[in-house]
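Encoded as structure tokens, the structure appears first; notes follow it.
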Amino acid sequence: MFGIAMLITMIFFVIGCVLLLQLDKRFFFFWRGQYNFVAGWCFVLLLPIFTKIVSGPSFQEHYFRRYPTWWVRRLVMFPLTVMFLSGIVVMAPRGWLIFAVWLNGEERTQVPATVIDVEPFRRNAKGCDQHVKLKLNIDSTAAQICLENHFTGNSIQVGQTALLTGRASSIGFIVDLIEVSR
């Protein structure tokens, strides 16, 4: 029964991280500073907990079979596993928060934002061809947003006002469309 609970918990955390990777590219997080502060402390506090778990006999037996060289096992894989597990636990809730905004947020149109920075277009870039840094005019929250599939207009310049369409809540704003008029 404990194994099933652990499996469900890990699936929850992995899905949260996948949501974060997919949706964070177009999200203004109003509580970013506070979340990052708490997340940093949680990461540090989780390190000894996962160190204790990973140093247990079941993990050690698994590592001994897969990595027979002691220095690979102790100096590389053990710390990487502990940091990976701590990172997943800290970042997954943010992915679920963004998903909640996408799912339950109120539809908003014509939200003004100022263009702070525009990256040059990179053909065949992995993930996103071009990012733009925008600052919402309503509360000065800034975020780096991927323009790919979310931009209409000819070109975007620093200093322009962009009109955003998306979903908003008290947590943040997820961008569906960026419009820039000349």
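The values are calculated or read from the model by the stated rules, or taken from the named source; none is laboratory data. Quick caveat: nothing in here was measured; it's all calculated off a predicted structure. Cβ placement follows ideal geometry from the backbone for every residue including glycine, while neighbour counts extend to all protein chains displayed.
Among the aromatic types (Phe, Trp, Tyr), under 18 Å from the mean Cα position of the chain (by Cα) and in the same structural domain as residue 13 (by TED's automatic domain parsing): is that true of residue 99 in this structure? Walk me through how you get there before you give the answer.
On the way: among the aromatic types (Phe, Trp, Tyr): yes; under 18 Å from the mean Cα position of the chain (by Cα): yes; in the same structural domain as residue 13 (by TED's automatic domain parsing): yes.
Yes; evaluated as a whole, the condition is true for this residue.
Looking for whichever is within 30 Å of residue 112 (Cβ to Cβ) and in contact (Cβ under 8 Å) with a residue 12 or more places away in the chain here; the options are 97, 85. Which one fits?
On the way: 85 fails: within 30 Å of residue 112 (Cβ to Cβ).
On inspection, the qualifying residue turns out to be 97.
Under 7 Å by Cβ, and 6 or more places apart or on different chains, what pairs join a residue from the stretch 14-31 that is more than 16 Å from residue 141 (Cβ to Cβ) and in the same structural domain as residue 88 (by TED's automatic domain parsing) with one that is buried (at least 20 other Cβ atoms within 10 Å of the Cβ) and basic (Lys, Arg)?
20/94
Please go through (1) under 13 Å from residue 25 (Cα atoms); (2) outside any helix (DSSP H, G or I) for residue 98 and return the number of the only condition it doesn't satisfy.
Here residue 98 meets the rest and fails (2).
Scan the stretch 46-57 and give yes if some residue there is in the same structural domain as residue 95 (by TED's automatic domain parsing), closer than 30 Å to residue 169 by Cβ and either touching a residue at least 40 places away in the same chain (Cβ under 8 Å) or in contact with a helix residue (DSSP H, G or I) (Cβ under 9 Å, 6 or more places away or on another chain) (or both), otherwise no. Explain how you work it out, then say what you get.
Initial filter on the stretch 46-57 (in the same structural domain as residue 95 (by TED's automatic domain parsing)): 46-57.
Remaining after also requiring closer than 30 Å to residue 169 by Cβ: 46.
From the residues that got through so far, the ones that are either touching a residue at least 40 places away in the same chain (Cβ under 8 Å) or in contact with a helix residue (DSSP H, G or I) (Cβ under 9 Å, 6 or more places away or on another chain) (or both) too are 46.
Looking for residues that are in the same structural domain as residue 95 (by TED's automatic domain parsing), closer than 30 Å to residue 169 by Cβ and either touching a residue at least 40 places away in the same chain (Cβ under 8 Å) or in contact with a helix residue (DSSP H, G or I) (Cβ under 9 Å, 6 or more places away or on another chain) (or both), one finds at least one in the stretch 46-57, hence yes.
Quick test for you: out of 78, 121, pick the one residue that is of a type in the set (Phe, Trp, Tyr) and either modelled with pLDDT of 90 or more or outside the structural domain of residue 11 (by TED's automatic domain parsing) (or both). Don't jump to the end; show me each part of the working.
On the way: 78 fails: either modelled with pLDDT of 90 or more or outside the structural domain of residue 11 (by TED's automatic domain parsing) (or both).
Among 78, 121, only 121 is of a type in the set (Phe, Trp, Tyr) and either modelled with pLDDT of 90 or more or outside the structural domain of residue 11 (by TED's automatic domain parsing) (or both).
Scan the stretch 15-31 residue by residue and report those that are farther than 18 Å from residue 165 by Cα and touching a strand residue (DSSP E or B) at 6+ places or on another chain (Cβ under 8 Å).
Listed by number, the list holds a single entry, 31.
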